[in-house]
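The structure appears right after this line, and notes come after that.
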């Protein structure tokens, strides 16, 4: 009898294949035993014990060891050659199809490699976006224009063309959408469900979809319209098409609309079409009086959180709910406790926002409770900050405003500017509360809490040195399924004493309660 | 060709990552994460989940264009491969996680005992029908069965005894004799150890002594796992953290709660690889019996 072995480097075959392979070797003429195992120390020792290996060979756990026992040297050697050939043939077969393809460089080329596609996302500098959108529409594709700096003069004919051809144009400046469960742009990973959303605001859309997920509901589609869509000139073309699409969609049982208050003529058309949908519709025209919107099938609400709650309630067969705007008892207690930590000079809230809609909603809620709030995007012109780089009294700043993003990424991605401003506010003896939004999801920074925590700790040290304590209040817009993970981000922020609420609206109300609680 | 992942395991990086194709099988491809000594697995299945798995259901997906050594990169939730038209969209895929560590199985309950006995019988029949080298019944009769069975039975008995006594050093010593031992791309000894850990996690509940043992044993196991291949080592890595395949964790749960569907669930757990599934189930059943009573190192 003769034995021999061969080691094949870095070769992996599944267990069934290895077993069949060993059987094939055993069936060869003149072969008595054969085995193909991973070349681990214990396997080598076992093969020596079994008499299949004459001596111990060095172990190499990632390599395949073939051992053969046969009648003579020539049959053993022949079997090993055949074994190696069989394995190499399999490797070559596996390598077929490795042809390098040129990546698509145009919408047409993209369609060639994916002929079934019916949707294109355009993210080019604004000056080229309209032309690309036109090409896509002419190819029969729905379009999402992520790019900004596209004029209304370009937007209007695109949307009119799309409407005539039964296509949808989301945008321009459409930062967020969720289509057939796929988050596009800045968007969160949310559960599928029966609530369809059309929104003119990116962060507004993120907030309502994330809260719907948090409250146990789910989304069919979340359609972004872009910020100009509900102006008179555009006429709400995309929002009206969105409502029509959700009306026709049998999976959508509840429709939710989010926008700043549209032009009166557009609002009338939107509400009429919503009423005709035959489905319950929740509307948050942020800043509009809910009673002016509410009718039989339409529930008007004041905040993004209320919009999510009402939608989920209706989806679960309940009434939309009543929204008092009061703080929950738990938050009232937190507000009172926090207020005791402030000195007499600390009177003002400083809101530093990465989401424009969060800033806008906060301005509305704080103004209601506290009066004047200054901003770079004020509710009325008299309350515009004289110097946007310096806060005055109660201030809420949208750091995503063009003014702050020239030459640097959006503050949802790049935290440097906000962190610098946190330290600046901590130096101010009048700062009582620093109010923050933290936005998770695709597109955003992969670890927002990790970016903020060092700045918050530094700010706390600055305040402590001046024998003060600055209260940090915030809300995290995101879900457990987001790449950053909601729980992990919240835990990191709570660890540095940030008081977190479920929503932006609650955070604003809590901040207001803290500064007016003394 | 763009396809959507159906689910992703909890160990799949949520951030951008780069990888190299490590090994390719008919319905699974392992990717070696750059800068990490572990693999993630792309698998086509309508039900089988892995902690390191990216599961896709599309039956028409072929992995032929994915050959060993090619680059893969995931950016903003989309996984792409060098020289391949295949892209996999991970963005909407829900995360799958194994919750075996929360099971707190009471193996003294009559229903759990009944289920355990039924699975043990099914396992032995299945092993004998498939003529596997390890037959569970033989492990407790020294010098019986195949050479592998004889070689592995002593360390298994040593492992049982040392685990009962919370003797870390002796347990690792026993495991060292089993690691990388046996046929298959994940050798039988490794599969047994993974199943054994699943049994321990299932019954540990919140018992600090038991959890402490599992953690220390896990650390020791990862040290000696250098003696086996990277595929196996990846499974062991997750097992030390309480993460197992869905088929193994489903079986642990079915035994703990006395499921009426125990036969189908146990067959599913055994039907993995040639003998891997059966070796893991052997380990699971033995692991479940180790800590029958409340023990505390304190």
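The values are calculated or read from the model by the stated rules, or taken from the named source; none is laboratory data. Note that the structure is a prediction, hence the values are computed from the model and not measured. Don't worry about glycine lacking a Cβ; one is built from the backbone with ideal geometry, like all the others, and counts go over all protein chains shown.
Below are the figures for this structure:
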{"quantity": "Residue A:217, sole failed condition from (1) closer than 30 Å to residue B:8 by Cα; (2) at pLDDT below 95", "calculated": "(2)"}
{"quantity": "Whichever residue in segment B:83-101 is touching a helix residue (DSSP H, G or I) at 6+ places or on another chain (Cβ under 8 Å) and either assigned to a loop (DSSP other than H, G, I, E, B) or at positive phi (or both) and, among such residues, is farthest from the other protein chains (Cβ to nearest Cβ)", "calculated": "B:98"}
{"quantity": "Condition met for residue A:413 (over 27 Å from residue B:10 (Cα atoms) and within 29 Å of the chain's Cα centre (by Cα))", "calculated": "no"}
{"quantity": "Leading residue by the ranking (nearest to the other protein chains (Cβ to nearest Cβ)) among those in segment B:241-264 that are surrounded by fewer than 21 Cβ atoms within 10 Å (Cβ to Cβ) and modelled with pLDDT of 95 or more", "calculated": "B:241"}
{"quantity": "Those helices (runs of 4 or more DSSP H) lying entirely in segment A:413-516 with at least 3 residues surrounded by fewer than 22 Cβ atoms within 10 Å (Cβ to Cβ) and within 14 Å of chain B (Cβ to nearest Cβ)", "calculated": "A:486-495"}
{"quantity": "Unique match (being under 27 Å from residue B:108 (Cβ atoms) and under 12 Å from the mean Cα position of the chain (by Cα)) among B:244, B:213, B:257", "calculated": "B:244"}
{"quantity": "Unique residue being within 8 Å of chain B (Cβ to nearest Cβ) and modelled with pLDDT of 90 or more when the list is A:41, A:49", "calculated": "A:41"}
{"quantity": "Total residues in segment A:228-263, condition over 26 Å from residue A:150 (Cβ atoms), surrounded by fewer than 24 Cβ atoms within 10 Å (Cβ to Cβ) and touching a residue at least 60 places away in the same chain (Cβ under 8 Å)", "calculated": "1"}
{"quantity": "Hits in segment B:41-70 (condition: exposed (fewer than 15 other Cβ atoms within 10 Å of the Cβ), free of Cβ contacts under 8 Å to residues at least 60 places away in the same chain and more than 10 Å from chain A (Cβ to nearest Cβ))", "calculated": "B:46, B:57, B:58, B:59, B:60"}
{"quantity": "Scan of segment A:1-38 for residues that are exposed (fewer than 15 other Cβ atoms within 10 Å of the Cβ) and within 12 Å of chain B (Cβ to nearest Cβ), ordered by number", "calculated": "A:9, A:10, A:20, A:23"}
{"quantity": "Of all residues making up segment A:89-120, the number that are assigned to a helix (DSSP H, G or I), at pLDDT below 70 and within 13 Å of another protein chain (Cβ to nearest Cβ)", "calculated": "5"}
{"quantity": "Answer from A:35, A:74, A:4 - the residue that is over 13 Å from residue B:183 (Cα atoms) and without any contact (Cβ under 8 Å) to a residue 60 or more places away in the chain", "calculated": "A:74"}
{"quantity": "Filter result for residue B:38 (in contact with a helix residue (DSSP H, G or I) (Cβ under 7 Å, 6 or more places away or on another chain) and either surrounded by 20 or more Cβ atoms within 10 Å (Cβ to Cβ) or modelled with pLDDT of 90 or more (or both))", "calculated": "yes"}
{"quantity": "Cβ pairs under 6 Å, 6+ apart, first in segment B:168-190 and more than 8 Å from every other protein chain (Cβ to nearest Cβ), second part of a loop (DSSP other than H, G, I, E, B)", "calculated": "B:188/B:134; B:188/B:182; B:190/B:228"}
